[in-house]
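Have a look at the structure below, then the notes.
The values are calculated or read from the model by the stated rules, or taken from the named source; none is laboratory data. Note that the structure is predicted; figures quoted are calculated from it, not measured. Here Cβ is always computed from backbone atoms with ideal geometry, including for glycine, and neighbour counts include all displayed protein chains. Note: accessible area is taken over every heavy atom of the protein model, side chains too, but ligands, DNA and RNA are not part of it. Shrake-Rupley method; radii C 1.70, N 1.55, O 1.52, S 1.80 Å.
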Amino acid sequence: MMDFRPPADAWSRRDLMRNGFGSIALLCTVATPDVLRPRKATVTSAAIRSQAKSPFAPFQRDLPRIPELVPVSTSRTRDTYAMTVREGMADILPGFQTPIYGYDGVYPGPLIRAKKGREVVVRQTNGLPFETNVHLHGGYVPAAHDGHPMDVIAAGGSFDYHYPNQQDAATLWYHDHAHGRTSKTLYYGLVSMYVLEDELERELGLPEGEFDVPLVLADHAFNRDGSFRYAENVDLGFRGDTLLVNGAISPRMAVQRRRYRLRFLNASNARSYALRLGNGRAMTQIAGDGGLLTRPVPRTGIPLHPAERVDIVIDFSEYGPGEELVLYNTDPESGGGTSAVMRFDVEGGAVSEEFRVPRRLRDPDPLPAPNARRTWNLALGTAAWQINGLGYDPNRIDARPRLGSTEVWTFVNNSNRVHPMHLHGFLFRMIGRSSGPVALADKLGWKDTVGVLPNETVSVLAWFAPYSGKYVFHCHALEHADKAMMLQMEIV
Ligand code: C2O
Ligand code: CU
């Protein structure tokens with residue numbers, strides 16, 4: 001059966017120092033970067049990057065593909081998987097090993113590919129020395145399997161999460177949600193994707209297989225020994241100076257001259273992105289958090305706040321062999337090592353593809369008229385960010401929507417920070433925002449997270465189905481959520 005002990009190669013601080021310094025010596029003989037000489041306790045990764053042959057230079061590595069998990073068993077109606085939450089090592093900087101927490105010890109964790117109508121069971125074994133749990137972000141999941149912050153797996157224990165997969169195809173993701181430490185556990189690696197597919201989507205003939213590419217974006221920083229550097233900032237949230245895509249620094253990806261489906265997830269603690277192709281050409285957005293839009297939307301700039309997902313199609317047959325196309329992050333709060341997301345290197349070869357993105361992707365869902373209206377004020381309390389002046393209290397219910405009803409929820413942000421607001425268990429439609437019209441792509445699909453901009457008011461229509469029970473809703477800037485920016489609802 002399962003082995004609960006940490007693996008033999010588990011890292012300790014002493015091992016780390018030894019390995020770290022060994023690697024630095026090696027690196028110095030190659031590049032002689034002054035700042036890497038061990039005269040100061042730590043230097044910032046920004047300083048290291050300024051060196052000519054910096055390990056932080058973008059486009060040095062090929063995009064790592066996220067490994068797909070194979071079920072341990074399958075039946076007519078269900079696929080069963082097993083993974084262990086444990087410590088591991090990641091190859092991020094050349095010559096260094098970066099200690100992480102990972103699902104099966106890897107970062108990002110293994111990808112689960114699920115089919116609508118087939119149940120998925122994931123046996124999660126906690127090989128970490130503290131409590132953890134797993135939240136399927138964006139999933140319609142019964143409350144007992146949602147990864148509520150108070151439902152945790154003890155160190156050494158395990159839990160079988162049952163996911164019914166009764167919702168439409170969507171790019172979901174999973175991550176740790178034990179209360180009070182998600183900013184650290186996600187930063188150190190407890191995150192991956194869960195791709196839900198269905199027949200309707202399949203019939204559209206969208207790019208699949210190697211042409212369907214999940215991309216996990218997260219900003220990080222490094223210590224001189226190659227370990228992740230984390231500094232808590234309760235106000236801003238953590239901001240790293242280096243952008244990782246699937247665990248590689250701004251990687252490159254060889255692409256054929258055809259269409260690709262790219263699934264972007266913002267798995268950053270608190271950084272927002274704005275995706276833009278270097279030549280300013282439009283990308284075709286086909287899906288958001290909750291799955292396909294009713295029709296494709298061409299976009300030149302795509303905002304991506306923490307926890308949001310967008311699926312886009314790029315047609316690389318429009319580019320010549322040998323062309324290099326950079327995808328940038330133009331969010332005004334980014335720059336330096338977080339401004340280049342990745343590069344697409346167009347290969348030679350003829351264009352043979354016949355496929356076009358269909359003009360209709362799905363039918364709109366009719367919704368019942370709203371049953372109630374609620375307003376949530378997002379503001380800084382005396383010690384932490386709060387909602388309606390309240391901090392998270394698992395023993396208090398802050399809203400009781402009726403099962404099957406819809407409600408208009410209005411988030412009022414009177415602060416100068418972005419608050420990406422997320423509802424567990426349910427999806428919503430965007431209704432309005434005070435900063436301007438709702439983007440077309442946001443109007444044509446379901447969402448589970450919305451970035452409420454500084455001094456902005458945003459209204460959404462949330463649909464409280466299909467499950468009753470207790471779920472949380474919170475800001476997905478993780479340092480905000482960890483403290484108090486989370487409330488609880490009970491669907492009755
Ligand atoms: Cu990504 Cu409470 O969730
Ligand atoms: Cu917040």
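Here are some notes:
- Looking only at residues in the stretch 158-179 that are of a type outside the set (Ser, Thr, Tyr) and open to solvent by 20 Å² or more (accessible area, probe 1.4 Å), the one that is nearest to ligand 2 (Cβ to nearest atom) is HIS179.
- The listed residues are ASN165, ASN133, ASN126, and the only one of them that is over 13 Å from the mean Cα position of the chain (by Cα) and within 11 Å of ligand 1 (Cβ to nearest atom) turns out to be ASN133.
- Residues of the stretch 268-287 classified as among the hydrophobic types (A, V, I, L, M, F, W, C), surrounded by fewer than 24 Cβ atoms within 10 Å (Cβ to Cβ) and at pLDDT 95 or above, total: 3
- Within the stretch 411-458, being in contact with a Gly (Cβ under 7 Å, 6 or more places away or on another chain) and within 16 Å of ligand 1 (Cβ to nearest atom) holds for VAL418, PRO420, LEU427, TRP446, LYS447, ASP448.
- Which listed residue, of ALA350, ALA379, ALA372, is assigned to a strand (DSSP E or B), more than 28 Å from ASP219 (Cβ to Cβ) and among the aliphatic types (A, V, I, L, M): ALA372
- Among the residues making up the stretch 430-457, a single one is under 16 Å from THR410 (Cβ atoms), within 16 Å of ligand 2 (Cβ to nearest atom) and of a type in the set (D, E, K, R): GLU456.
- Enumeration of residues in the stretch 399-421 that are in a loop (DSSP other than H, G, I, E, B) and either open to solvent by less than 30 Å² (accessible area, probe 1.4 Å) or more than 16 Å from ligand 2 (Cβ to nearest atom) (or both): ARG400, PRO401, ARG402, LEU403, GLY404, SER405, SER415
- Considering ALA248, ALA254, the condition of being more than 16 Å from ligand 2 (Cβ to nearest atom), open to solvent by 10 Å² or more (accessible area, probe 1.4 Å), among the small types (Gly, Ala, Ser) and more than 28 Å from ASN165 (Cα to Cα) is satisfied by ALA254 alone.
- Scanning the stretch 372-405 for residues that are modelled with pLDDT under 95 and of a type outside the set (Gly, Ala, Ser), we see that the one that is farthest from ligand 1 (Cβ to nearest atom) is THR382.
- The stretch 320-338, residues that are farther than 16 Å from PHE264 by Cβ and open to solvent by less than 70 Å² (accessible area, probe 1.4 Å): GLY320, GLY322, GLY335, GLY336, GLY337
- Pair list, Cβ under 9 Å, 6 or more apart: the stretch 468-492 residue at positive phi, other residue away from ligand 1 (no atom under 12 Å from the Cβ) and part of a strand (DSSP E or B): GLY469/GLU490; GLY469/ILE491
Residues are listed down the side, and each one gets a yes or a no for (1) out of contact with any His (no Cβ under 9 Å at 6 or more places or on another chain); (2) under 18 Å from ASN371 (Cα atoms); (3) of a type in the set (Asp, Glu):
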{"residue": "MET430", "(1), (2), (3)": "yes, yes, no"}
{"residue": "PRO437", "(1), (2), (3)": "yes, no, no"}
{"residue": "VAL450", "(1), (2), (3)": "no, no, no"}
{"residue": "VAL460", "(1), (2), (3)": "yes, yes, no"}
{"residue": "PHE473", "(1), (2), (3)": "no, no, no"}
{"residue": "GLN488", "(1), (2), (3)": "no, no, no"}
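- In the set (1) within 13 Å of ligand 1 (Cβ to nearest atom); (2) aliphatic (A, V, I, L, M); (3) in contact with a helix residue (DSSP H, G or I) (Cβ under 6 Å, 6 or more places away or on another chain); (4) under 30 Å from THR284 (Cβ atoms), LEU478 fails one condition alone, (4).
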